[in-house]
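The block underneath contains the structure these notes are about, expressed in structure tokens.
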Amino acid sequence: MARPAADVHRVIKAYDVRGLVGEEIDERFVTEVGAAFARLLRGEDQDTKQVAVGHDMRDSSPGLAAAFAIGVAGQGLDVVRIGLASTDQLYFASGFLDCPGAVFTASHNPAAYNGIKLCRAGAKPVGRDTGLENIAEELIAGVRSYDGAAGAVVDRDVLGEYGEFLRSLVNLSGMRPLRVAIDAGNGMAGHTAPAVLGPISSITVEPLYFELDGSFPHHEANPLDPANLVDLQRFVRDTGADIGLAFDGDADRCFVVDELGNPVSPSAVTALVAARELKNEIGATVIHNLITSRAVPELVIERGGTPVRSRVGHSYIKELMAETGAIFGGEHSAHYYFRDFWGADSGMLAALHVLAALGEQNRPLSDLMADYQRYELSGEINFTVDDADGCIGAVLKSFGTGIVSIDHLDGVTVDVGDGTWFNLRTSNTEPLLRLNVEARTREDIDRLVGQIAAQINSHAEAAT
């Protein structure tokens, strides 16, 4: 059936499919998405034979995944159902089985939402410009039926192989005993963490919110919001853990808390993992997005690597990973990408690197991470504005001749000297202006944020 363009574009986003279950996404809709995805794949490569399909713990996910499989099989491709899966477990299945894949998840979004993340064989991304727009056009026009035989649907459990593969990528020998507190947020890390970490004899896991529950009864499964780290911070201190790990709903992002209960910057984690990977390949390329700390490219150069700067967004990182053959990539949002993991992101693999780094020496995590934390970061601050360009212009004008350099890779990144810089960029999906500031001290951060916020608010008020 043909679908209204507005309805289709409301749920087919830049990187995935996502919307309210029952209102924007239902089983009939995802059956058509599955069929359109299969048609896209067959049109690109006649050798494509099967598609791996997994799903998260949301109540709606099993039914939606089954409906999607019907759509794929109806177009003549086989379906390998891997069942409950984190997003990076689906990427593993795509790489390991050398086939396209789909996982049903809405990541950290509330329980009423669901969606689909799609990839080609080898975990290669499918985004708006690399297939999602084609799928949208098929849905709007009406997906054509297939006159050949339907594909088969089979089940395969890859969880054990996924855990074994991740452990094979990190040297975990000789680690001292570690007590590891993990907040799964009732998301998929409650499923994958035992499979990955359970066989490591030197690790004792202290589980928090491991029960799979798509209603997220304790807190949102979004550790990027500091409010959702509070329970883990308390749990680390209460259990005497050496480290805390927090995962988002689909467990593709990992956040770290030290033994004192203090959050560790994802930029510091990026620098640590980059340093470890560069030991294996001196001179390799490391990708970082433009709002990670400048400590990251500094440390990459010091360790003999080549840093490459990217726009914000996983599609840009993955594209650069492929173009440059980069060994590793990291984002401020705690997405970590690995060449050895088909260029895809895996929060669990990043966690293994941090655990190995901590366990191979005797210092506490707070002391270890001080080696990688050279500057203070504001975190992302959002302003709701109607005239983003005007606000940016007002901010730049307020600095007069005090700007050392400026570039426009993604919004504006402004160096004001003495290790202090800020980035202002617009959101792709909301009327928001996003600010990130880095400086040598917290006082410098507060001063610069206050100055910029005053200019934004003043311009916004004058425009109303």
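The values are calculated or read from the model by the stated rules, or taken from the named source; none is laboratory data. From a predicted model like this one, the values you see are computed outputs, not experimental measurements. Cβ coordinates were reconstructed from backbone atoms using ideal geometry, including for glycine residues, and neighbour counts include every protein chain displayed. Ligands, DNA and RNA are stripped out before the accessible areas are found, and what is left, the full protein with its side chains, is counted by its heavy atoms. Shrake-Rupley method; radii C 1.70, N 1.55, O 1.52, S 1.80 Å.
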*Taking only protein heavy atoms into account and a 1.4 Å probe, give the accessible area per residue of the chain in Å².*
40
*Can you tell me the dipole magnitude for the stretch 304-459 around its Cα centre, using point charges on the Cβ only (Lys, Arg +1; Asp, Glu -1), in Debye to the nearest 20?*
100
*Enter the accessible area of K13 (Å², nearest 10), with the probe set to 1.4 Å and all protein chains included.*
80
*Which percent of the accessible heavy-atom area of the stretch 126-273 goes to carbon and sulfur, probe 1.4 angstrom?*
48
*Taking the stretch 376-464 on its own, what percent of its Cα-Cα pair distances exceed 24 Å?*
12
*Which loop-located chymotrypsin sites (Phe, Trp or Tyr not before Pro) does the stretch 85-125 contain, where loop means any DSSP state but H, G, I, E or B and the Cβ has at most 13 other Cβ atoms within 10 Å?*
none
*If you bin every alpha carbon distance in the stretch 45-121 into 10 Å steps from zero, what whole percent lands in each bin?*
22, 54, 22, 3
*Accessible area, 1.4 Å probe, largest first: how do H335, H353, H9 sort?*
H9, H335, H353
*Between the DSSP loop rule and a limit of at most 13 other Cβ atoms within 10 Å, which trypsin sites (Lys or Arg not before Pro) in the stretch 104-166 are left?*
R144, R156
_Checking the a/c ratio against 1.5 first, then a/b against b/c, what shape does the Cα gyration tensor give for the stretch 294-339?_
oblate
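Per residue of the chain, what 222 nm ellipticity follows from adding -39500 (n - 2.57) for every DSSP H run with n ≥ 4, rounded to the nearest 500?
Working: 15 runs with 173 residues, N = 464.
So the helix-based figure for the chain works out to -11500 deg cm²/dmol.
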*How much solvent-accessible surface does S333 expose, in Å² to the nearest 10, with a 1.4 Å probe and all protein chains in place?*
20
*asked:* Rounded, prolate or oblate, given the Cα gyration tensor of the stretch 48-194, with a/c below 1.5 counting as rounded?
replied: prolate
_Proximal lysines relative to K49, as straight alpha-carbon distance under 17 Å, when same-chain residues fewer than 8 apart are discounted_ = K124
*Ranking by accessible area, most exposed first, for Y372, Y336, Y146 with a 1.4 Å probe*: Y146, Y372, Y336
*asked:* Output needed for the stretch 162-260: three equivalent-ellipsoid semi-axes, defined as square roots of 5 times the C-alpha gyration tensor eigenvalues, in descending order, whole Å.
replied: 22, 16, 11
*Quick one: compute the contact order of the stretch 246-335, relative version, from alpha carbon pairs under 8 angstrom and 6+ residues apart, as a percent.*
33
*Under 16 Å Cα to Cα from K117, which lysines show up? Leave out anything in the same chain fewer than 8 places away.*
K13, K318
*Decide, for the chain, between rounded, prolate and oblate: order the square roots of the alpha carbon gyration tensor eigenvalues as a ≥ b ≥ c, take rounded if a/c falls under 1.5, and otherwise choose prolate if a/b is larger than b/c, else oblate.*
oblate
